[in-house]
Amino acid sequence: MPALHCLLVAAAGLDEASQRSTGGSTKHTAGNVDIQLLRSLWPQSESLLNASQLDSGVELAGADDRLACVRAALSRRTPVSIGAIGGSITAGSNYAVRSGATHLYHHKLLAALDAIHPVRNGHSLSNGGVPGTGPTYMEHCVHDHMPRRADLLLVEYAVNTDRNPASFERLLRTLLLLPHAPALVVVNAHRWRAVRPQDGRTDKCWNSKWPVDMAANATQRAAQSWGSAGQRDEINSDEDAIADLCRHYNVPLVSMRGALLGAVRSGALSIPAFMRDCKHPAGEGHTYLAQLLLHRLLSPPALTQAPPARGHPHKCRRAPAALAGPLHGE
């Protein structure tokens, strides 16, 4: 539970089964990991992203030096500490933190790392998600919600930044300036749209009781967008603002929208197949996020194939570099 003082401060195709609709190959990897291994490890993994979707889902590769340190630790069979912070998607519930929920994206990432790079007693994970909160809360209380010396931090706030990207930026800067320089990856889920049947207007949410077949209705598929040239996606302006900040600070960003928008718009993938409602992924949606994270972590950008820290663990604990000036003011 959040500390009291913080509460006060913060008032391939998708896979072999779906190949017919996507036209992709069934032999592909996620971060050089065979999909059969992932299926054996992860619940809700009947469908997996193909190689093209993995690449498009890494919206920004970002700087690789900190992630190279995590890969070096994994290769040395050194335990890695993971912290995940965010809202209800990370917490696993709208009302409480579900620390043992194995369907969540960070638990699936942990399971994959334990299998691929096993260590005695396993790697560790701290679920610091807090339902119903955004970075306006977390910027004040992040130290209460993450491991003291995390090696890898996952940050998920695309659907609940609440039009306040400045608070997300302050949180991001706090994490980037931590003295032990943990690796950061921003995890963007996506708010999917629905067109209201009564008047044809675009609504920003839907759920299982929505009186339209989201899987079969072409109008619903066409309503999903990333904005057009020179325009912003107003419903997902928070997601766009987070992406702008990741580019500004060169922080790796994985994106559900980047991976899945094409398949959803084409009708190859039904939104209810991987979402519980407009904002909260089902187990399959968490699988896609975990697969994107694993891909980015274990598949460095082409220009950084040789990790500079391999064999030199002391180089991975250097003081963080100075940051660019803030986009949203001090």
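The values are calculated or read from the model by the stated rules, or taken from the named source; none is laboratory data. Since this is a predicted model, take the numbers as computed values, not measurements. Here the Cβ is made from the backbone with ideal geometry for all residues, glycine too, and neighbour counts use every protein chain on show. In case anyone asks, the SASA skips ligands and DNA or RNA and just uses the protein heavy atoms, side chains included. Shrake-Rupley method; radii C 1.70, N 1.55, O 1.52, S 1.80 Å.
Here are a few things to note about the model shown:
- Out of Ser167, Ser225, one residue alone is of a type in the set (Ser, Thr, Tyr) and within 21 Å of Gly134 (Cα to Cα). It is Ser167.
- Helices (runs of 4 or more DSSP H) contained in segment 40-98 and holding at least 1 residues over 25 Å from Leu245 (Cβ atoms) and open to solvent by less than 10 Å² (accessible area, probe 1.4 Å): 65-75
- Among residues of segment 261-293, those that are part of a loop (DSSP other than H, G, I, E, B) and among the hydroxyl-bearing types (Ser, Thr, Tyr), counted: 1
- Any hit, segment 174-183, residues being among the β-branched types (Val, Ile, Thr) and within 23 Å of Gly285 (Cβ to Cβ): no
- Selected residue [of a type outside the set (D, E, K, R), at pLDDT 90 or above and open to solvent by 60 Å² or more (accessible area, probe 1.4 Å)] from Ser228, Ser255, Ser266, Ser270: Ser266
- Val212 meets all of the listed conditions (1) in a loop (DSSP other than H, G, I, E, B); (2) under 29 Å from Ile82 (Cβ atoms) but one, namely (2).
- Qualifying residue in segment 201-224 (condition: hydroxyl-bearing (Ser, Thr, Tyr), open to solvent by 20 Å² or more (accessible area, probe 1.4 Å) and within 22 Å of the chain's Cα centre (by Cα)): no
- Residue list for segment 177-188, restricted to those being open to solvent by less than 50 Å² (accessible area, probe 1.4 Å) and touching a Pro at 6+ places or on another chain (Cβ under 6 Å): Ala181, Val185
- Failed criterion for Leu14 (all others in (1) modelled with pLDDT under 55; (2) within 20 Å of the chain's Cα centre (by Cα); (3) within 27 Å of Gly134 (Cβ to Cβ) hold): (3)
- Subset of segment 99-115 that is at pLDDT below 95 and buried (at least 16 other Cβ atoms within 10 Å of the Cβ) - its residue that is nearest to Val254 (Cα to Cα): His103
- Those residues of segment 48-89 which are hydroxyl-bearing (Ser, Thr, Tyr) and either more than 20 Å from Ala111 (Cα to Cα) or in contact with a Phe, Trp or Tyr (Cβ under 8 Å, 6 or more places away or on another chain) (or both), in sequence order: Ser52, Ser56, Ser88
- Every residue from segment 125-157 that is part of a strand (DSSP E or B) and among the small types (Gly, Ala, Ser): Ser126
- So Asn236, is it open to solvent by less than 40 Å² (accessible area, probe 1.4 Å), among the polar types (S, T, N, Q), in a helix (DSSP H, G or I) and under 30 Å from Val70 (Cβ atoms): yes
- Pairs where the first residue, in segment 129-156, is of a type in the set (Val, Ile, Thr) and the second is in a strand (DSSP E or B) and crowded, with 21+ Cβ neighbours inside 10 Å, C-beta under 6 Å, 6+ apart: Val155/Ile85; Val155/Val186
- Checked across segment 158-168, the condition of being open to solvent by less than 10 Å² (accessible area, probe 1.4 Å), among the β-branched types (Val, Ile, Thr) and either touching a strand residue (DSSP E or B) at 6+ places or on another chain (Cβ under 8 Å) or assigned to a helix (DSSP H, G or I) (or both) holds for no residue.
- Residue in segment 140-156 that is closer than 18 Å to Asp277 by Cα and open to solvent by less than 60 Å² (accessible area, probe 1.4 Å) present: yes
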